[in-house]
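Here the structure comes first, spelled out in structure tokens, and everything after it is commentary.
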Amino acid sequence: MLIALLCAGSNVWAEDLPVAAEPGPVILTVVNSVAESKRYQFTLQDLQSLESHTFTLTHDWSDSPHRYTGPLLSAVLEKAGMKGTTVKLRALNEYFIEIQRPFIEKYQPILAWQEDGLTLSIRNKGPLWLMTPLHQYPELNEPANVSKLIWQLSTIEVR
């Protein structure tokens, strides 16, 4: 009986406590490959809290323009405290690309989490798709640079 009263009392107290909102699952992990203990994890909510940028463009996987929204890759790396010169981006299926800091600084790619106002899903190249401003730089439309548009991005390693 005493246990039942204690449990009943704890339910009353629990009702008075604020409930924290669920932050959502981690969708991106950024790690320093030299010091692997240095890692930063982002939820979609974390990425949405960074300043968003939008590109409207056509690419090899669509016949019409689409609008992509997300934070700058450079802002994500800065938030994670990563300062290396080589950035390896890995997809859920283990496909990866490597880019150098000068590429990031010159072209300012975004980690798109949204296409045409809809949140990207894993089924639709999400949760994140590295998108470069193809519409501003003709050289980004060359096959070597188009291949850098990695989708289903889940991990970034910096060295």
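Read the figures in this text as sums done on the coordinates, not as results from a lab. Remember, predicted model here, so these are calculated numbers, not experimental data. Reconstructed Cβ throughout: ideal geometry from the backbone, glycine too, with neighbour counts over all protein chains shown.
Per residue of the range 152-159, in order, report the coupling 6.51 cos²θ - 1.76 cosθ + 1.60 (Karplus, θ = phi - 60°) as ³J(HN,Hα) in whole Hz, putting x for Gly and Pro.
Karplus-based 3J(HN,Hα) across the range 152-159 equals 6, 4, 9, 9, 10, 10, 10, 9 Hz.
Using a 10 Å cut-off around each Cβ, can you sort D116, D63 from fewest to most neighbouring Cβ atoms?
Going from sparsest to densest Cβ surroundings: D63, D116.
Using modelled amide H (1.01 Å from N, peptide plane; none on Pro or chain starts), what sits under 5 Å from the amide H of G126, excluding residues fewer than 5 places away?
Under 5 Å from the amide H of G126: S121, Q152.
Put a dot 7 Å past each Cα toward the Cβ at L92 and L118; how far apart are the dots in nm?
Each label point is offset 7 Å from its Cα along the Cβ direction, giving 1.6 nm.
Pairing the Cα long axis of helix 2-16 with the longest principal axis of the chain, what angle in degrees results, from 0 to 90 and rounded to the nearest 10?
40
If the reach is capped at under 15 angstrom between alpha carbons, list the aspartates and glutamates near K38, excluding any in the same chain fewer than eight residues apart.
E78, E157
Taking the number of other C-beta atoms within 10 Å as the exposure measure, put M82, M131 in order starting with the fewest.
In order of increasing Cβ crowding within 10 Å: M82, M131.
Under the definition of Cα pairs under 8 Å and six or more residues apart, what whole-number percent is the relative contact order of the chain?
Relative contact order for the chain comes out at 25 percent.
Suppose every Lys and Arg Cβ carries +1 and every Asp and Glu Cβ carries -1, with no other charges. What dipole size does the chain come out with about its Cα centre, to the nearest 20 debye?
Once rounded to the nearest 20, the dipole reads 440 debye.
So what is the orientation-averaged projected area of the range 23-158, using the convex hull of its C-alpha atoms, in nm²?
In nm², the orientation-averaged hull projection of the range 23-158 is 7.8.
Calculate one ³J(HN,Hα) per residue across the range 111-119 by plugging θ = phi - 60° into the Karplus curve 6.51 cos²θ - 1.76 cosθ + 1.60, and present them in order as whole Hz with x for glycine and proline.
9, 5, 10, 9, 10, 6, x, 10, 5
Compute a Gaussian network model of the chain, connecting alpha carbons closer than 10 Å, and tell me which residue from T132, T119, T69 fluctuates the most.
With Cα springs under 10 Å in the chain, the top fluctuation among T132, T119, T69 is at T119.
Name the longest site-free stretch of the chain, where the excluded sites are chymotrypsin sites (Phe, Trp or Tyr not before Pro) in a DSSP loop with no more than 15 other beta-carbon atoms within 10 Å.
It works out to 96-159.
Kindly state, to the nearest 0.05, the FRET efficiency for Y137 paired with S37, given R0 = 25 Å and r defined as their beta-carbon distance.
0.10
Under 20 Å from the Cα of K125, which lysines turn up, not counting those fewer than eight places away in the same chain?
Within the straight-line cut-off, K125 pairs with K88, K148.
List every residue whose amide H lies under 5 Å from the amide H of K38, counting only residues 5 or more places away in sequence or on a different chain, with H placed 1.01 Å from N in the peptide plane.
The answer is N32.
Could you list R39, R123 in order of exposure, starting from the residue whose Cβ has the fewest other Cβ atoms within 10 Å?
The order, fewest Cβ neighbours first, is R123, R39.
Near the amide H of Q114, under 5 Å away, which other amide H atoms are found, from residues 5 or more places off or on another chain, if H is placed in the peptide plane?
The list, which skips near neighbours in sequence, is T69, L120.
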